[in-house]
Amino acid sequence: MCRTKIKSRYVIMLLNNKLKKELKSQGREQAIDGILRSQFSEIEMNGGDRALEILRDPQERKKATKKIKRDSKRNSPYSTTTNLSIAKIQNSPITMIISATLPLAAALMFFVLYQLYTTPDQIAGSPHITYTGKNIQVIRNGKPLNTQLNMEILNLDSITIPYGEKVNITYDDGSALELLSNSTVTFGNPSTDENKIHLDQKLIELKHGEIHVSVSKQAEKYPMLLNTSKAIVKVLGTKFRLSNTNEKTIIQMEKGFVEFTNISINKSISVKDRETAIVTENSISLKKPEVKTETAINIITPRITKNCLVSYKFNLDSFQNNLFKNNFPQNKSIKLKYTGTSQPNILKMGGLNISSQISLSNSENAKEILEEIQKSNEISFELWLKPADNSDVNNHSMLIAFSKEKELFGQPHWLFFLGQKGNSIVLSMNTDTKEGFDNQLEFNNIFEDNSIAHIVITKDKDGIVTLFKNGISQKSIETKGNFTSLFTNKDKVYLNLTGNNTKSHSWNGVLFLSAIYDRALNSEEIQQNYLSKY
């Protein structure tokens with residue numbers, strides 16, 4: 001009610017000032033002020049409801065117009081020009097202008113009020129949808145709207161994610177949310193006076209379910225706020241998972257730190273890298289990572305093997321006779337041949353140190369992999385890696401690629417090319433609509449530093465390509481075309497990692513694991529592979 005009256009007064013002030021400027025030369029501003037206040041007092045007292053009623057009902061609009069014309073001829077009780085005779089006012093040019101202007105001003109006010117009360121406000125950071133699953137709706141003003149790519153999220157919008165689906169939302173500053181299945185999230189920025197929330201702050205409420213959060217650096221005065229019924233998370237820049245049930249709220253930190261508050265007992269703690277905190281109705285607790293956590297995770301969190309075509313671990317156990325074996329039992333024959341000027345530099349803790357003089361390839365039966373991908377029209381690439389450099393923005397360094405033996409203008413005929421360009425990931429796909437580098441997608445700012453990273457990039461049947469880093473979705477891009485005509489039986493197909501058979505596009509760094517699936521892994525499966533490490 002209070003907010004409605006404020007908006008009504010604001011509209012009155014705008015119209016009042018407009019008339020004052022028009023009649024300032026006549027010295028009659030106070031008369032106009034009085035007439036305006038007398039006409040709009042009912043609207044102000046009723047919080048705009050009467051204005052909307054008049055706007056929607058033709059008969060009410062007619063009555064209102066007559067009332068404005070009739071009342072405009074009277075001297076307002078609020079006016080300070082009571083010494084002027086009514087006759088003089090009625091016959092003066094000022095009154096004629098007032099009589100002509102007030103109906104238009106009132107109609108304009110009704111229109112502005114209608115827009116104010118039927119259109120939700122924009123919210124900080126202009127969040128918009130970058131990926132959406134099927135049959136998902138945004139509830140806006142009590143009405144359902146089907147989600148779509150680039151749809152802007154407005155104040156008090158609410159989204160419920162059905163089972164097996166998800167929605168990705170990105171802010172202008174690069175902050176990203178992944179709303180997982182069976183979750184309900186509401187967005188908004190309550191007014192500063194009532195809630196002490198600044199208009200530049202991002203505010204999210206997780207009703208129930210789970211979200212993955214990646215927050216770019218925020219201004220220290222205006223942290224992002226994530227609320228549940230039991231807890232508040234203040235975020236300046238970090239990555240974490242937040243889940244909420246009827247019994248508890250759990251935050252699992254990946255990187256950075258947050259302030260985590262139990263609302264009922266008004267107690268806060270700081271949660272840092274790899275720590276987990278739990279809030280129940282009357283408690284808040286912190287679990288620090290144990291030394292043997294990674295070993296325990298590998299035991300209880302196995303890697304996803306369904307529809308895995310090849311999986312290479314680059315360690316001493318997997319290397320023999322210049323070949324890296326495929327760890328997926330069904331396709332053990334698809335091995336990678338190591339080619340280099342010296343013996344491979346395999347680290348004791350796992351990982352192949354790669355320089356520009358090294359390539360990994362298979363030219364014997366790589367076509368078996370593409371045949372399955374062609375049938376499914378889906379694909380997932382997975383990598384555990386540590387780039388040596390992210391400064392070369394001009395070169396496309398190869399990570400995984402398929403190519404035909406036939407060369408075009410001295411270069412291989414690419415079917416797939418997944419690579420690094422500076423701190424970005426690039427993906428080229430040969431579909432039935434575009435070929436090779438004509439169909440290139442770029443995911444920017446993925447390698448912020450040269451630390452170890454888990455990268456998964458998926459393409460589903462609907463043409464949605466999504467990149468995940470360390471188990472969290474970063475960005476989705478919609479593409480066209482499918483994989484129905486990748487190659488013919490006569491073609492010879494190469495699988496290459498870190499450099500092709502001519503050693504161009506070479507990548508430098510440490511490669512720990514590489515895998516390919518003939519389906520699009522979902523976010524839960526990708527998170528499981530991330531937890532299982534390499």
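The values are calculated or read from the model by the stated rules, or taken from the named source; none is laboratory data. Small disclaimer: the values here were computed from a predicted structure and weren't measured. A quick note on method: Cβ atoms are made from the backbone with ideal geometry, for glycine too, and the neighbour counts reach across all protein chains shown.
Each residue in segment 278-305 was checked for being at pLDDT 85 or above and either under 19 Å from Leu383 (Cβ atoms) or touching a Pro at 6+ places or on another chain (Cβ under 8 Å) (or both), and 3 pass.
Residues in segment 343-363 that are in contact (Cβ under 8 Å) with a residue 40 or more places away in the chain, in a loop (DSSP other than H, G, I, E, B) and surrounded by fewer than 22 Cβ atoms within 10 Å (Cβ to Cβ): Leu347, Gly350, Ser355, Ser356, Gln357, Ser363.
One residue alone among Leu415, Leu467 is surrounded by 18 or more Cβ atoms within 10 Å (Cβ to Cβ) and either at pLDDT 85 or above or part of a loop (DSSP other than H, G, I, E, B) (or both), and that residue is Leu467.
Here are some residues: Gly174, Gly142, Gly133, Gly125. Which one is surrounded by fewer than 17 Cβ atoms within 10 Å (Cβ to Cβ) and touching a residue at least 12 places away in the same chain (Cβ under 8 Å)?
Every option except Gly174 fails the conditions.
If you go through segment 364-379 and keep only what is outside any helix (DSSP H, G or I), within 18 Å of Tyr494 (Cα to Cα) and not aliphatic (A, V, I, L, M), you end up with Glu364, Asn365. Mind checking whether some residue in segment 330-342 is assigned to a loop (DSSP other than H, G, I, E, B), under 23 Å from Ala453 (Cα atoms) and not small (Gly, Ala, Ser)? The answer is no; no qualifying residue exists. Beta carbons closer than 7 Å, at least 6 apart along the sequence or on distinct chains, pair a first residue in segment 364-385 that is surrounded by 20 or more Cβ atoms within 10 Å (Cβ to Cβ) with a second that is assigned to a helix (DSSP H, G or I) and hydrophobic (A, V, I, L, M, F, W, C) for Ile379/Ile373.
Inside segment 154-188, residues that are within 28 Å of Ala219 (Cβ to Cβ) and out of contact with any Lys or Arg (no Cβ under 9 Å at 6 or more places or on another chain) make up a count of 8.
Across segment 214-226, the number of residues qualifying as buried (at least 19 other Cβ atoms within 10 Å of the Cβ), closer than 30 Å to Glu525 by Cβ and free of Cβ contacts under 8 Å to residues at least 60 places away in the same chain comes to 3. Restricting segment 267-280 to residues that are more than 16 Å from Ser243 (Cβ to Cβ) and not basic (Lys, Arg) leaves a set whose member that is surrounded by the most Cβ atoms within 10 Å (Cβ to Cβ) is Ile269.
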